[in-house]
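In what follows, a structure is listed as structure tokens, so that the remarks can point back to it.
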Amino acid sequence: MPDTTASGTTSVLADQHAGVSIELDGITKTYPGQGRSAVEDFSMRVEPGELVMFVGPSGCGKTTTMKMVNRIIEPTSGSIRIDDKDVLSIDPNQLRRHIGYVIQQIGLFPHLTIAENVGAVPRLLGWPKARIADRVEELLTTVQLDPGTFAHRYPKQLSGGQQQRVGVARALAADPPVMLMDEPFGATDPITREKLQAEFLRLQSDIGKTIIFVTHDFDEAIRLGDRIAVLSDRSHIEQFDTPAAILAAPANDYVRSFIGQGSALKRLALIPVTAGPLGPTTSGGPTVDEAATLRDALDLLVLTGAERVGVTGAGGRPLGSLSHADISARLDGAAHRPVG
């Protein structure tokens, strides 16, 4: 049954397994005593099940904008709708119990076990103990933390990367249709961060939540996002498009500064090796799986010095091959195709 607010009305976010739309219309945030707004006239629609990345420099308002969605920060003006429902008319505490929230500092309760941390929101929602226990076991398994090993440990007994996984599991505990993520992997080392990103992509492919994800790392935005909003001062949107479209045609010099060096290599990482006809099959040389990207194929060509890299399908079945020239032609072709 959907949860209810203190007044007895149905919660703005009924129980849903799939993502829902988020619409921000003319959102502005002004703090008393400041000469200008922290966020000014921000408008955006996030589609159901879409993962949208907010990327921008510190102080540009990206976290403030995201926090207005679950009303940790109250907007000064404008409207916010989730699944076509006005969230500003809903009790903030009830709203937050139906929106997953993951932060860089994780924020686990140190005096609670991992199982108790993950089950915190379902307990607030009045779930039966058996249902909470089943959900905790399911989620710990999903984030690759064995329940038998980790459920009864305390946060201080886990590594930083393990704690971050618990944070994601806790945010998913009540199966919210919306998740807000504020630089969740920013405090981890590069190797752990890459693993967490890969796990998160795997997880999102299964759960299909609607996600707003704040980061200052453009490479992370490219890897994770369905669309990227490049934000400047006061959350002004400089460009809002797919990673491939932004890399191929940055809107202005400001966006180019975020892309940085190596834009061609970053674009290669978005193009699968099977995007286009392959050359002749090879034998005995280096190979990549059909799920690999052109960046993977190029890396292997450079490392091995081979003229061609083979592409293989299920069971190692040869599908064809790629050369340096083939990869360059694919990149050039992608630059002239409309990105949609």
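The values are calculated or read from the model by the stated rules, or taken from the named source; none is laboratory data. Just so we're clear, the structure is a prediction, and the values are computed from it rather than from any experiment. Ideal geometry is used to build each Cβ from the backbone, glycine not excepted, and the neighbour counts take in all protein chains shown. Just so you know, the surface numbers come from the protein's heavy atoms only, side chains and all, with ligands and any DNA or RNA stripped out. Shrake-Rupley method; radii C 1.70, N 1.55, O 1.52, S 1.80 Å.
Checked against (1) open to solvent by less than 40 Å² (accessible area, probe 1.4 Å); (2) in contact with an Asp or Glu (Cβ under 9 Å, 6 or more places away or on another chain); (3) more than 25 Å from Cys60 (Cα to Cα); (4) not acidic (Asp, Glu), Ala292 meets all criteria but (2). Evaluation of Gln105 against the conditions (1) modelled with pLDDT under 90; (2) crowded, with 18+ Cβ neighbours inside 10 Å shows that the sole unmet condition is (2).
What number of residues within segment 21-46 are outside any loop (DSSP other than H, G, I, E, B) and open to solvent by 20 Å² or more (accessible area, probe 1.4 Å)?
First pass over segment 21-46, keeping only residues outside any loop (DSSP other than H, G, I, E, B): 22-29, 39-46.
Keeping just the survivors that are open to solvent by 20 Å² or more (accessible area, probe 1.4 Å) gives 23, 25, 28-29, 40-41, 43, 45.
Number of matching residues: 8.
Determine whether segment 47-58 contains at least one residue that is among the acidic types (Asp, Glu) and either touching a strand residue (DSSP E or B) at 6+ places or on another chain (Cβ under 6 Å) or open to solvent by less than 60 Å² (accessible area, probe 1.4 Å) (or both).
As a first pass, look at segment 47-58 and keep what is among the acidic types (Asp, Glu): 47, 50.
Adding the requirement that they be either touching a strand residue (DSSP E or B) at 6+ places or on another chain (Cβ under 6 Å) or open to solvent by less than 60 Å² (accessible area, probe 1.4 Å) (or both) leaves 50.
Checked segment 47-58: at least one residue is among the acidic types (Asp, Glu) and either touching a strand residue (DSSP E or B) at 6+ places or on another chain (Cβ under 6 Å) or open to solvent by less than 60 Å² (accessible area, probe 1.4 Å) (or both).
The residue that is farthest from Ser43 (Cα to Cα), among those in segment 248-264 that are without any contact (Cβ under 8 Å) to a residue 60 or more places away in the chain and open to solvent by less than 50 Å² (accessible area, probe 1.4 Å), is Gly262.
Could you say whether any residue in segment 316-332 is assigned to a loop (DSSP other than H, G, I, E, B) and not charged (D, E, K, R)?
First, pick out the residues of segment 316-332 that are assigned to a loop (DSSP other than H, G, I, E, B): 317.
Filter once more, so that each one left must be not charged (D, E, K, R): none.
No, there is no match, as no residue in segment 316-332 is assigned to a loop (DSSP other than H, G, I, E, B) and not charged (D, E, K, R).
Of everything in segment 265-289 that is outside any loop (DSSP other than H, G, I, E, B) and open to solvent by 40 Å² or more (accessible area, probe 1.4 Å), the residue that is modelled with the lowest pLDDT is Leu265. The numbered conditions (1) surrounded by 20 or more Cβ atoms within 10 Å (Cβ to Cβ); (2) over 18 Å from Pro177 (Cβ atoms) are all true for Gly126 except (1).
Summed over segment 299-317, the residues that are surrounded by 12 or more Cβ atoms within 10 Å (Cβ to Cβ) and under 24 Å from Arg202 (Cα atoms) give a count of 4. Applying the set (1) within 23 Å of the chain's Cα centre (by Cα); (2) outside any loop (DSSP other than H, G, I, E, B); (3) surrounded by 16 or more Cβ atoms within 10 Å (Cβ to Cβ) to Ile132 leaves exactly one unmet item: (1).
In segment 64-75, is there at least one residue being in a loop (DSSP other than H, G, I, E, B), open to solvent by 10 Å² or more (accessible area, probe 1.4 Å) and among the hydrophobic types (A, V, I, L, M, F, W, C)? If you could, list the steps in order and put the result at the bottom.
Initially, segment 64-75 is screened for residues in a loop (DSSP other than H, G, I, E, B), giving 70-75.
From what's left, open to solvent by 10 Å² or more (accessible area, probe 1.4 Å): 71-75.
Now drop any that are not among the hydrophobic types (A, V, I, L, M, F, W, C), which leaves 72-73.
So far as segment 64-75 goes, yes, one or more of its residues are in a loop (DSSP other than H, G, I, E, B), open to solvent by 10 Å² or more (accessible area, probe 1.4 Å) and among the hydrophobic types (A, V, I, L, M, F, W, C).
Criterion first (under 21 Å from the mean Cα position of the chain (by Cα), in contact (Cβ under 8 Å) with a residue 40 or more places away in the chain and either open to solvent by less than 70 Å² (accessible area, probe 1.4 Å) or under 30 Å from Asp25 (Cα atoms) (or both)) does Ala245 satisfy it? It is true that Ala245 is under 21 Å from the mean Cα position of the chain (by Cα), in contact (Cβ under 8 Å) with a residue 40 or more places away in the chain and either open to solvent by less than 70 Å² (accessible area, probe 1.4 Å) or under 30 Å from Asp25 (Cα atoms) (or both). Listed by first and then second residue, the pairs with beta-carbon distance under 8 Å, at least 6 apart or on different chains, first residue in segment 25-40 and on the phi > 0 side of the Ramachandran plot and in contact (Cβ under 8 Å) with a residue 40 or more places away in the chain, second in a strand (DSSP E or B) and open to solvent by 90 Å² or more (accessible area, probe 1.4 Å), are Gly26/Asp41.
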